[in-house]
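Heads up, the thing below is written out as structure tokens.
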Amino acid sequence: MLKIDKLNFSYDDLKVLWDIDLEVHEGEIVSVVGSNGAGKSTTLKNISRLVRPDSGSILFQGEEITKLESHQVVERGIVQVPEGRKIFPEMTVRENLRMGSFIKSAKATRESNMERVFTLFPRLKEREKQLGGTMSGGEQQMLAIGRGLMTNPKLLLLDEPSLGLSPLLVGNIFEIIKEINRQGVTILLVEQNVYQSLRIAHRGYVLETGRVVLSGKGEDLLNDPHVRKAFLGM
Amino acid sequence: MKDTSAKNVHGKAGFKSAEPIVTLLVLAGLALFPTLVSSPYSLHLMILLFLSIIMGQSWNIVGGYAGQYSVGHAAYFGAGAYTTMLLMQQWKIAPWYGVWAGMAVAVVVALVVGSICFRLRGPYFVLASIAVAEILRLSTMNLKDLTNGAEGILATEIPPLTIAGKVITDFSTKVPFYYIGLGLVVLTIVVTFLVQHSKLGYYFQAIREDQDAAHSLGINLTFHKNIALIVSALLTSLAGSFYAIYIGFIDPPTVLGLDISVQIVLICIIGGIGTIYGPVVGSLVLVPLSEALRSNIIAEAIFATGAVSPTSGVGVFLKENLAHAHALIYGVLVVVVILFMPDGVLGFVRKLTTKRKGERS
């Protein structure tokens, strides 16, 4: 579904991604893990075309997307839920969700998507008329994911969805991600929470200083001595 | 936690069932006003008020809804004023054709500004917008052959509006200007209402609240910022043309100066940014205030209360200096509003009168 080939990227003079190869098959959850500054979020930004790569190709369903504009990428079905729950603080929950459904491909299914989001996150239904900015961190993260789902994504890019959440909510968010995937959305997940994200992932990639150092099945990576030592403290 | 209901553009707070009736009554009152009051000064004040509302409403679309704080709106105001005036004086083209040309010029300026400045965010966009307006002002100053430079342009004669040979109105009194101004006020409010209640309004608000989030949802940021700017420029240009024909004289500092740009922004900041009635409230505060300060009414009112004798030292000081202090008092007002009423006067009043709208956790 998504195939990244020899992706290189630098912020001005600082090179942050070195020959990244990464593949996501339809129906999978793929986790990209690594420490701060490993290039995880930058990889996502390259896919959603918020930045332009130096070289390399990104194919989505056979189409080269490095030449597209970011809004065209969204129309193709790749939607990023940005890091740090970037919701619209002065719109209500319902209005925030509606914002996700204005693109052509999502308009017709607005109401059914809204129902789907409310079924996944009953809390959002309760807070439907509340202003986004007045909700708790966990609720805002739910809203950000829900808003992403309103665009009918084929591939959902999640950037640190567990960042800053309480341990109880962290488990909750990962369960919901699994559920979204079961409903047929392919997921590319970027996380610092290595254990949880590899646990739910079909496959995973480990990034270190801008390079892919390991890849494989989620559970294999969890048992990998290097991963256990570097990330899990075992 | 601050009350955010006033700035919640799509909140239903502003539209209660009584509102259409009140609006109609106000409109009817305004339509009858010239038949009841014939004093030219009253009409003049009302026209100034209309002009201020039109300008504020126009800026509000790009500044209030889309959150792009342009401090260079004099560029569009001046584009309208100069185009209409030049066509009328040099080529004898009647202003009701000239305004369209003025709007076209404003759109061209907006496209140039937009394509360059919308690559920048935050303070850089503000600075770039000022720079463009200043470039226009200086060019107008120096292109003497075309624009008459610093001497400005005086309207010697405004042709009467005729349809099929019949004179509809001549412009010898203030009354036609009054109705044109009122019409433009209604037009800008209707445009703002339509924008606010359309997909565009949601897009603008999304861009204002979080550009990155808007980007991630597939909103074409540059395109929609440009749309906001163009709509805003069109309406501002209308205001400029209206001003030029009404006053009958323009020169670079009065229609292209930085104070015009700042004044436009102040109308919205003081009234309430990103709301339909904000510019109206802002104009109702600013226009009478600046007139009062300019005309020494305040000093006379103080003498009338008997608190200060006009012949005393303080009285003489007030009489001599208060009229010149309008810029200072303006400035103090802005500081007070920004510090104590961050949502403008309108937001402040709403906060006092309405209970909190949003349910809280």
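If we only count helices (runs of 4 or more DSSP H) wholly inside the stretch A:73-148, which ones have 1 or more residues that are facing chain B (nearest Cβ under 10 Å) and either modelled with pLDDT of 90 or more or closer than 16 Å to B:Gly218 by Cα (or both)?
A:93-99, A:104-107, A:122-126
Is it fair to say A:Glu26 is within 26 Å of A:Ser162 (Cα to Cα) and open to solvent by 10 Å² or more (accessible area, probe 1.4 Å)?
On the way: within 26 Å of A:Ser162 (Cα to Cα): yes; open to solvent by 10 Å² or more (accessible area, probe 1.4 Å): yes.
Criteria met by A:Glu26.
Here A:Lys45 fulfils each of the conditions (1) open to solvent by 50 Å² or more (accessible area, probe 1.4 Å); (2) farther than 22 Å from A:Ser162 by Cα; (3) not polar (S, T, N, Q) apart from (2).
Screening A:Leu168 with (1) under 12 Å from the mean Cα position of the chain (by Cα); (2) surrounded by fewer than 19 Cβ atoms within 10 Å (Cβ to Cβ) gives one miss only, at (1). Restricting to the stretch A:108-122, and then to whatever is open to solvent by 100 Å² or more (accessible area, probe 1.4 Å) and of a type outside the set (Asp, Glu), can you tell me which residue is farthest from A:Thr151 (Cα to Cα)? Per the stated criteria, the residue is A:Thr119.
Determine, yes or no, whether A:Gly171 is free of Cβ contacts under 8 Å to residues at least 60 places away in the same chain and touching a Ser or Thr at 6+ places or on another chain (Cβ under 8 Å).
Against the criterion (free of Cβ contacts under 8 Å to residues at least 60 places away in the same chain and touching a Ser or Thr at 6+ places or on another chain (Cβ under 8 Å)), A:Gly171 does not qualify.
Apart from one condition, A:Ile176 fits all of (1) free of Cβ contacts under 8 Å to residues at least 60 places away in the same chain; (2) outside the structural domain of A:Arg49 (by TED's automatic domain parsing); the exception is (2).
Could you grab me the full set of residues in the stretch B:249-287 that are of a type in the set (S, T, N, Q) and assigned to a loop (DSSP other than H, G, I, E, B)? Break it down into steps so the answer makes sense when it comes.
Step one: list which residues in the stretch B:249-287 are of a type in the set (S, T, N, Q), which gives B:254, B:261, B:263, B:275, B:283.
Within the stretch B:249-287, just B:Thr275 meets the criteria.
Could you list, in sequence order, the residues of the stretch B:303-317 that are buried (at least 16 other Cβ atoms within 10 Å of the Cβ) and at pLDDT 75 or above? Quick ask: steps written out before the conclusion?
Initial filter on the stretch B:303-317 (buried (at least 16 other Cβ atoms within 10 Å of the Cβ)): B:303, B:308, B:315.
Correct list: B:Phe303, B:Gly315.
Scanning the stretch A:25-67 for residues that are touching a residue at least 40 places away in the same chain (Cβ under 8 Å), at positive phi and either assigned to a loop (DSSP other than H, G, I, E, B) or within 12 Å of the chain's Cα centre (by Cα) (or both) turns up A:Gly27, A:Gly34, A:Gly37, A:Gly39, A:Gln61. Scanning the stretch B:113-134 for residues that are surrounded by 14 or more Cβ atoms within 10 Å (Cβ to Cβ) and within 13 Å of B:Gly67 (Cβ to Cβ) yields a total of 3.
Quick check on the stretch B:87-95. Is at least one of its residues within 22 Å of the chain's Cα centre (by Cα) and modelled with pLDDT under 90? There is at least one residue in the stretch B:87-95 that is within 22 Å of the chain's Cα centre (by Cα) and modelled with pLDDT under 90. Evaluating B:Tyr65 against the criteria (1) within 14 Å of chain A (Cβ to nearest Cβ); (2) surrounded by 12 or more Cβ atoms within 10 Å (Cβ to Cβ); (3) modelled with pLDDT under 85 leaves one unmet condition, (3). The criterion of at least 3 residues that are of a type in the set (A, V, I, L, M, F, W, C) is met by the following helices (runs of 4 or more DSSP H) wholly inside the stretch B:73-174: B:74-91, B:95-117, B:123-142. The condition (being crowded, with 20+ Cβ neighbours inside 10 Å, within 14 Å of chain A (Cβ to nearest Cβ) and not β-branched (Val, Ile, Thr)) is satisfied by just one residue among B:Leu266, B:Leu217: B:Leu217. For the stretch B:74-83, the criterion of a residue being in contact (Cβ under 8 Å) with a residue 40 or more places away in the chain, open to solvent by 40 Å² or more (accessible area, probe 1.4 Å) and among the polar types (S, T, N, Q) is satisfied by no position.
Listed here are the residues, each with its yes/no results for (1) under 16 Å from the mean Cα position of the chain (by Cα); (2) not charged (D, E, K, R).
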position	(1), (2)
A:Ile145	yes, yes
A:Gly148	yes, yes
A:Leu188	yes, yes
A:Tyr195	no, yes
A:Ala201	yes, yes
A:Lys217	no, no
A:His226	no, yes
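Taking the conditions (1) open to solvent by 10 Å² or more (accessible area, probe 1.4 Å); (2) within 14 Å of chain A (Cβ to nearest Cβ); (3) among the hydrophobic types (A, V, I, L, M, F, W, C); (4) outside any helix (DSSP H, G or I) in turn, B:Leu200 satisfies each one other than (4).
Look at A:Phe231 and say whether it is of a type in the set (Phe, Trp, Tyr) and within 30 Å of A:Ser112 (Cα to Cα). Explain how you work it out, then say what you get.
Working: of a type in the set (Phe, Trp, Tyr): yes; within 30 Å of A:Ser112 (Cα to Cα): no.
Here the answer is no, as A:Phe231 does not meet what is asked.
The values are calculated or read from the model by the stated rules, or taken from the named source; none is laboratory data. Just so it is clear, the model here is predicted, and its values are computed rather than measured. Because the Cβ atoms are built from the backbone with ideal geometry, glycine has one as well, and the counts that use them run over all protein chains shown. Heavy atoms of the whole protein, side chains included, go into the accessibility calculation; ligands, DNA and RNA do not. Shrake-Rupley method; radii C 1.70, N 1.55, O 1.52, S 1.80 Å.
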